[in-house]
Amino acid sequence: MNFEGLLRQRLETLHREGRYRTFADLKRRRGFFPAADHFAANGPREVTVWCSNDYLGMGQHPKVLAAMHEAIDAVGAGSGGTRNISGTTHYHVELESELADLHGKEAALLFTSAYVANDATLSTLIKLVPGTVVFSDEKNHASMIEGIRHGMCEKRIFRHNDVGDLEAKLKKFPRGTPKIIAFESVYSMDGHIAPIAAICDLAEKYGALTYLDEVHAVGMYGPRGGGIAEREGVMDRVDIINGTLAKGFGVMGGYIAGTRDLCDAIRSFAPGFIFTTSLAPAIAAGALASIRHLKMSSLERARHRERVRTLKRALKAKRLPVMDNPSHIVPVMVGCPVHCKAVTDALLRQYGIYVQPINYPTVSKGTERMRLTPSPAHTDEQMASLIHALDALWASCPVPNRTYIGRAAE
């Protein structure tokens, strides 16, 4: 079997379809976010980053950096093992307590990423409760899809944010059938926001457990950064919340929050938790500092909301095809992988602006886009430069017309 030849063919297909992914070699500048050095063949060059998931710039916050330095000086670099074998430090214990408090839950459980948390929790929970049927939003993240698939259960996919379709599928099963409704609060590629309260109503009506991915909302929404569920006053109605430490909180790692028994069961049975080295203490310390700060401070969230509104307004003023939505995500539709890469390559090469093209399988074919993520640190001048560059490129490239997409589903 010629594995190398077959792999090469697969890669050539990606190139031919315009979907081959190249990674930008970046070195962020402490204290100067969103500026970074981009390393290419002709050496490093300063660029402005417009697609970071460090939404609030907390990866640069003095409190976060100080906490990480202090932890390294106190205990060293790595955790030393899995959570079961010497890898549970006091930083991990404190962080789980802080996360449980953030979401108003009895307990929380840390993972190395939110992807692992989704995959491990959903697959384990499904296997622990035989006969479970999962009802999954059609736009759920790949990690949730993988978790459901690994659970090897019966599943039903409901139309995106469509509570009518969800109810039609729920009512086909007896109330005593174990059911999980899996959905997200903020959908990261379109910026849609789920009708959490209405989904909780259906869960209560049909005896289902709710599993909510708040990855793109924690730190960003709610009086203390607890996410959309906190903002909407429905945290107590959601059974399991999944979140990340890598976006609004600016560090890395993932977690779930729920009842004490739920977290204990996942801790005790999930291979994705049991058999992996725990987060480095410095990372846990940085996340802890970030969460504590954002529980008390709304300045970052307020400035971020203003920057998002300003950018969306500027894009619409130039009739660029921004997909309108009620969240902080700013997608600009291109609709072709080749054109999408051409535009983002030109932004980097000609204007020193870094935006990563978003292609299939992250989004459906024919909906390729740029995904802009303004932060509190982006200045008016940087925003004006971005708009000028996009305006010029849309005038010169055969991409969709200058009409922004109408208000998206909420």
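The values are calculated or read from the model by the stated rules, or taken from the named source; none is laboratory data. Computed from a prediction, not measured in an experiment: that's the story for all the values here. We place every Cβ from the backbone using ideal geometry, glycine too, and count neighbours over all the protein chains shown. The area values use the complete protein model at the heavy-atom level, side chains included, leaving out ligands, DNA and RNA. Shrake-Rupley method; radii C 1.70, N 1.55, O 1.52, S 1.80 Å.
Let's see how each residue does on (1) assigned to a helix (DSSP H, G or I); (2) surrounded by fewer than 24 Cβ atoms within 10 Å (Cβ to Cβ):
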{"position": "TYR255", "(1), (2)": "no, no"}
{"position": "LEU279", "(1), (2)": "no, no"}
{"position": "ALA287", "(1), (2)": "yes, no"}
{"position": "ARG301", "(1), (2)": "yes, yes"}
Log entry, pairs with first residue in the range 362-381 being in contact (Cβ under 8 Å) with a residue 12 or more places away in the chain and open to solvent by 40 Å² or more (accessible area, probe 1.4 Å), second being in a loop (DSSP other than H, G, I, E, B) and among the aliphatic types (A, V, I, L, M), beta carbons closer than 8 Å, six or more apart or on different chains, reads THR362/MET189
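Residues checked against (1) of a type in the set (S, T, N, Q); (2) in contact (Cβ under 8 Å) with a residue 12 or more places away in the chain; (3) under 24 Å from PRO223 (Cβ atoms):
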| position | (1), (2), (3) |
| --- | --- |
| ARG260 | no, yes, no |
| ASP264 | no, yes, no |
| GLY272 | no, yes, no |
| ILE291 | no, yes, yes |
| ARG303 | no, yes, yes |
| ALA314 | no, yes, no |
| ASN325 | yes, yes, yes |
Can you spot a residue in the range 93-100 that is more than 16 Å from ILE283 (Cβ to Cβ) and outside any strand (DSSP E or B)? yes
Does any residue of the range 229-250 turn out to be open to solvent by 50 Å² or more (accessible area, probe 1.4 Å), of a type in the set (Asp, Glu), over 19 Å from PHE111 (Cβ atoms) and out of contact with any Cys (no Cβ under 9 Å at 6 or more places or on another chain)?
yes
Listed by first then second residue, the pairs whose first member lies in the range 80-109 and is within 17 Å of MET252 (Cβ to Cβ), whose partner is open to solvent by 60 Å² or more (accessible area, probe 1.4 Å) and part of a helix (DSSP H, G or I), with beta carbons under 9 Å and at least 6 positions apart or on separate chains, are ARG83/ARG267; THR89/VAL75; TYR91/VAL75; GLU98/ARG292; ALA108/SER97; ALA108/ASP101; LEU109/ASP264; LEU109/ARG267
The one condition PHE39 fails out of (1) within 24 Å of HIS328 (Cα to Cα); (2) touching a residue at least 12 places away in the same chain (Cβ under 8 Å); (3) open to solvent by 70 Å² or more (accessible area, probe 1.4 Å) is (1)
Within the range 230-250, restricting to residues that are touching a residue at least 60 places away in the same chain (Cβ under 8 Å) and not in a loop (DSSP other than H, G, I, E, B), the one that is farthest from the chain's Cα centre (by Cα) is ASP236
Among helices (runs of 4 or more DSSP H) entirely inside the range 105-211, those with 2 or more residues being open to solvent by 30 Å² or more (accessible area, probe 1.4 Å), farther than 23 Å from LEU262 by Cα and of a type outside the set (Asp, Glu) are 163-170
